[in-house]
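Have a look at the structure below before the remarks.
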Amino acid sequence: MANSKIQFALFDLDGTLLDSNASLNTTLNLLLAKNKQSPVAEAETKAYVSGGAGAMIKLACPELSDIEIEKQRQEFFKIYRENLFYNTVLFEGVEELITQLKKRKIKIGIATNKQSEFTLPILTYLGIDKCMDAIVCRDNVSVGKPDPEMIYQACTIAEVTPNQCIFTGDDKRDIEAGRSAGVITVLAAYGYAPIGESIQWNANFTIQSPIELLALI
């Protein structure tokens, strides 16, 4: 169902454009090893990646207090800086999707709760930084997703209105932010969304691969 009004394709990053589970799982296990704790398998962390470092640490160490989790988050980030590009790849089909969007003169952007100190080097490393018309990271806004501020800011930078934007993400917070902002929401079911639970998020559309987004624009 193509929508000719769409001028801006906005994306979450981890679990939507970026398959970073291996990199983040490695970071988590290096942190756990440092604390003499057992590692966590990649299959276990997958559903927690989009929740950020705190969610992954809570998975591995459910007994930690919020204060202790925050301390471990800072250690996690130190380790992550050294492993930023390790097994960090684009999902299959993302490069072709970007190429086709550019051919159609559709603007492209990213709205991620990841900090810019991590986001920007990764985009450059993967060679897609110059394809972006707007990049909004957690440190660029006062409130992260599920608040819609990030989406509004991306639309402003791209010089479009929310009703001209389609936002794709794999996390509940993505869909909630998109719905609050009044944009068309797309669930990236190929990402890290928990199977079954994501059906309840009421995204406008669901795609099983990145390239399927083209049929909606």
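The values are calculated or read from the model by the stated rules, or taken from the named source; none is laboratory data. Bear in mind the structure is a predicted one, so any value in this text is a computation, not a measurement. Quick reminder, even Gly has a Cβ in these numbers, built from the backbone with ideal geometry, and neighbours come from all protein chains shown. All accessible areas refer to the heavy atoms of the entire protein, side chains included, with ligands and DNA or RNA removed. Shrake-Rupley method; radii C 1.70, N 1.55, O 1.52, S 1.80 Å.
Dipole of segment 77-136, Cα-centred, from +1 at each Lys and Arg C-beta and -1 at each Asp and Glu C-beta, to the nearest 20 debye? Could the numbers behind the result be given before it?
Numbers: 9 positive and 7 negative charges, 55 e Å.
So the dipole magnitude of segment 77-136 works out to roughly 260 debye.
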Cleavage-rule hits (trypsin sites (Lys or Arg not before Pro)) in segment 1-91: DSSP loop, at most 10 neighbouring Cβ within 10 angstrom: Lys36
FRET efficiency for Leu59 and Lys5, using Cβ-Cβ distance with R0 set to 35 Å, rounded to 0.05: 0.30
Compute the long axis of helix 149-158 from its Cα atoms, compare it with the longest principal axis of the Cα atoms of the chain, and write down the angle in degrees, 0 to 90, nearest 10. 50 degrees
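How large is Rg/Rh for segment 100-170, to two decimals, with Cα atoms and a Kirkwood Rh?
0.95
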Heavy-atom accessible area per residue, the chain, 1.4 Å probe: how many Å²? 47 Å²
Karplus-derived HN-Hα couplings along segment 160-172 (A = 6.51, B = -1.76, C = 1.60, θ = phi - 60°), whole Hz, x at Gly and Pro: 10, 9, x, 6, 9, 10, 10, 10, 10, x, 10, 10, 4
Treating the angle as unsigned and between 0 and 90°, give the value, to the nearest 10°, between the Cα long axis of helix 21-34 and the longest Cα principal axis of the chain. 20 degrees
Lys103-Glu159 pseudo-label distance in nm [points 7 Å out on the Cα-to-Cβ vector]: 2.5 nm
Restricting to DSSP loop positions (anything but H, G, I, E, B) with no more than 14 other Cβ atoms inside 10 Å of their own Cβ, which GluC sites (Glu not before Pro) remain in segment 74-179? Glu92, Glu159
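Magnitude of the Cβ-charge dipole of segment 167-217, K/R +1 and D/E -1, about the Cα centre, nearest 20 debye? Please report the intermediate quantities before stating the final value.
On the way: 3 positive and 6 negative charges, 22 e Å.
Result for segment 167-217 is approximately 100 debye, rounded to the nearest 20.
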Quickly estimate the mean residue ellipticity at 222 nm for the chain, helices only: each DSSP H run with n ≥ 4 gives -39500 (n - 2.57), and the total goes over all residues, rounded to 500. -11500 deg cm²/dmol
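Report the local net charge at Glu176: Lys and Arg +1, Asp and Glu -1, summed over other residues whose C-beta lies under 11 Å from its C-beta.
Numbers: positive: Lys145, Lys172, Arg173, Arg179; negative: Asp147, Asp171, Asp174.
Combined, the nearby Lys, Arg, Asp and Glu give +1.
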Straight-line reach check, Lys105, cutoff 26 Å on alpha carbons, 8 or more apart in-chain or any other chain, hits among lysines -> Lys5, Lys130
Quote the FRET efficiency, to the nearest 0.05, computed for Gln37 versus Phe85 with a Förster distance R0 of 30 Å and r equal to the Cβ-Cβ distance. 0.75
Charged-residue dipole, Cβ positions (Lys, Arg, Asp, Glu), segment 16-146 about Cα centre, Debye nearest 20: 420 debye
How far, in degrees from 0 to 90, does helix 94-103 lean away from the longest principal axis of the Cα atoms of the chain, to the nearest 10? 30 degrees
GNM of the chain, Cα pairs under 10 angstrom: of Gln74, Gln153, Gln200, the biggest fluctuation goes to Gln200
Tell me which aspartates and glutamates have Cα within less than 12 Å of Lys145's Cα, excluding those fewer than 8 residues away on the same chain? Asp12, Asp171, Asp174, Glu176
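Excluding the sites themselves, what is the longest stretch of the chain that contains no chymotrypsin sites (Phe, Trp or Tyr not before Pro) in a DSSP loop with at most 14 other C-beta atoms within 10 Å? Present the calculation step by step, with values, prior to reporting the outcome.
Values: sites that count: Phe85, Tyr86.
Answer - 87-217.
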Give me the distance between the Cα centres of segment 108-186 and segment 17-88, rounded to whole Å. 23 Å
Kirkwood radius from Cα pairs of the chain plugged into Stokes-Einstein at 20 °C, 1.002 mPa s, gives D in µm²/s equal to 123 µm²/s
